[in-house]
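The values are calculated or read from the model by the stated rules, or taken from the named source; none is laboratory data. The structure presented is a predicted model; accordingly, all values stated were derived computationally and were not measured. Virtual Cβ from ideal backbone geometry, glycine too; neighbours counted across all protein chains shown. The accessibility values were calculated without ligands, DNA or RNA, using every heavy atom of the protein model including side chains. Shrake-Rupley method; radii C 1.70, N 1.55, O 1.52, S 1.80 Å.
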Amino acid sequence: MGKPVVRVLIVTDDWVGVVNGGFLTWPDQPLPDRIDPPQAREFHLGEFMRVLQETAWVGFSVELTRAHRTRPSGNITATQLAQDRGADVVGFRFDESFSLKGETRKLSDYDLVLFFPISPAQDDSEDKLKKEAEAIAQFMENGGGFFATGDHANLGAPLCKLIPRVRSMRRWYAVNPGPQGEPVSPSPTSADRHDTTRPGPDGQILFENQSDEVAQEIEPTWYPGGFAVKAGYPARVKYPHPLLCSPLGAVTYLPDHMHEGWCEVPDKLAGRTFTLGPQTLPEYPVHGPNNEPLAPELVANGTVLPGHSTPVIDQEHAAALPLTVGKTFGVICAWDGHRVDKGRVVVDSTWHHFFNINLVGDMYLADEQEVSANDQRLFGFFVLEPGSAGRVPNEQYKMIEWYFRNLVYWLIPAKRMHSIAWHSMVQLTLRPRLLEELQPSALEGYTFKHFYYLGQLAEEYLQKARGACAVYEVKRILFHPKIPPWEWVEDLIDIWDPVPKPSELPQMSLAGLLGAGPKPEVLIKTVLGSAVLAAAQLRDRVASRADDRVIAELEALFPRVLQHALTQLGRELDIGRRAFELLQRTIREPLPR
């Protein structure tokens, strides 16, 4: 199937002499390097890369480029360095072009960036880093998505502390505030460190528990999504941010770690600016009728359990520390730049949510006498499969994998979303259930019940393939220009809009749920069903080509299909109107005495 290709640039570095970053797996690394820092692959992204590579993406395919910032030097050539780190590109800089399989590439050739800088050391001059930060700022101004993370104190800070929005949505300065009064990141060793390590089966909280099968619990931010009937009663429905949505439900876990960073919504948004060439631009442009800066949002909070010192087994790790002080802090923060025609931004409290040592086990423990060969901390989230000697991801990690995938889904530039949404609809029509059922035919043969049925199928498909949030996201992308007035259904579709609007629609929706009025959701399902039918009409052409011309044909066909569907819906509403009029007359008649 000819799908759009989303280009993802994944970037990391080394902390020279301490630990190397990279893209390879750890358990299969040959000895003695496997347990010999900095060669050991504990801080590599091998498992994270596996998840992205094996994902069945809905509506597109991905091209992953692995870029490493370390430059060849001494006795190691570029080829050797790339092989040792598992990189496609070495010596990478955001403001420089590079060669990939004989092709010259630059930052603007990519849709989104996932940045995992490890080193606290400034390897380049301040002027050089500022040029990189400006290149990233231009990339985001042009719509590119950007993710960044570090760890405690100033790890990963040299470039990140200069990047607009990234620099203020997460703390990057250690010990002392930054030059503009930027707040200090948590210490790795004090009692108020962000220690999210959880107890093992023995009830103890050890440093190495970061490598077992028990994740930390996180609390997502919840967004209202209308009403539904639960246990016979109408109840409000709520959803997490799309970053934490999955077919398994809301993602409520992340890998744990002894000392994380801190994500937050900065203050004084209106006064924050950055320089891009000769221009001074707002870091947070205004959005909404009140012209207020579009603020980032805390997507989730983590919790520090009080009263533990987190002792260690392996002396390669840190010694036990002061007893923790319980607290709650931001672990994921996101900025929806699409609402102001910019790229989206996400920051995370630590790259330990993504590194091998927190996902697949701690290989350093293999030579510890007190650690058995079957100790779960050697295998991370991969537990024994019942009735088999093999290992599979546990239920917590299956959820965490969806956070990894959602970073890609959510950071894709807005200009590419329409094509991807339409390819998602085409993908649905190619499933066996609909492949024979939906043959290209005259529109006149389709009635309201057909459109409603197709809308339900599309919702079920998206929910199973990506999670409930994807249903709302695809609707928002496809519907906005098609439903006049958009504002009438906006509250039921765009549930993550940061600017609340007064609306009678939620009350109407509740009345419809109770059987006392029409359901606005009927219109929404009808429109989605129209999109499915339009996709079916051109699916053979769309499936064989991924260019914009055939998507433009689909966009042109959609209104014609939708108009027919709305005519059919109108006829059903006329029947319903007559029924409601009869019902109203009945209840207004005086009761017999």
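The figures follow:
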read-out: Pick from the stretch 356-375, criterion of a type outside the set (Val, Ile, Thr) and either in contact with a strand residue (DSSP E or B) (Cβ under 7 Å, 6 or more places away or on another chain) or without any contact (Cβ under 8 Å) to a residue 40 or more places away in the chain (or both), ranking: nearest to residue 44 (Cα to Cα); value: 356
read-out: Total residues in the stretch 337-354, condition acidic (Asp, Glu) and either part of a loop (DSSP other than H, G, I, E, B) or without any contact (Cβ under 8 Å) to a residue 12 or more places away in the chain (or both); value: 1
read-out: All positions within the stretch 84-121 that are in contact with a helix residue (DSSP H, G or I) (Cβ under 6 Å, 6 or more places away or on another chain) and either hydrophobic (A, V, I, L, M, F, W, C) or open to solvent by 70 Å² or more (accessible area, probe 1.4 Å) (or both); value: 90, 94, 107, 112, 116
read-out: So residue 492, is it within 22 Å of residue 114 (Cβ to Cβ) and touching a strand residue (DSSP E or B) at 6+ places or on another chain (Cβ under 6 Å); value: no
read-out: Residue match in the stretch 241-261 (condition: exposed (fewer than 15 other Cβ atoms within 10 Å of the Cβ) and at pLDDT below 95); value: no
read-out: Unique match (being farther than 27 Å from residue 571 by Cα and in contact (Cβ under 8 Å) with a residue 12 or more places away in the chain) among 392, 471, 426; value: 426
read-out: Residue in the stretch 142-159 that is in a strand (DSSP E or B), open to solvent by 50 Å² or more (accessible area, probe 1.4 Å) and not polar (S, T, N, Q) present; value: no
read-out: Hits in the stretch 406-456 (condition: within 18 Å of residue 524 (Cα to Cα), of a type in the set (Ser, Thr, Tyr) and open to solvent by less than 10 Å² (accessible area, probe 1.4 Å)); value: 424
read-out: Residue match in the stretch 118-130 (condition: over 20 Å from residue 267 (Cα atoms), assigned to a loop (DSSP other than H, G, I, E, B), touching a residue at least 24 places away in the same chain (Cβ under 8 Å) and within 19 Å of the chain's Cα centre (by Cα)); value: no
read-out: Residues that are part of a strand (DSSP E or B) and under 22 Å from the mean Cα position of the chain (by Cα), drawn from the stretch 1-27; value: 5, 6, 7, 8, 9, 10, 11, 12, 22
read-out: Tally, over the stretch 212-240, of residues that are surrounded by fewer than 19 Cβ atoms within 10 Å (Cβ to Cβ) and either touching a Ser or Thr at 6+ places or on another chain (Cβ under 7 Å) or modelled with pLDDT under 85 (or both); value: 10
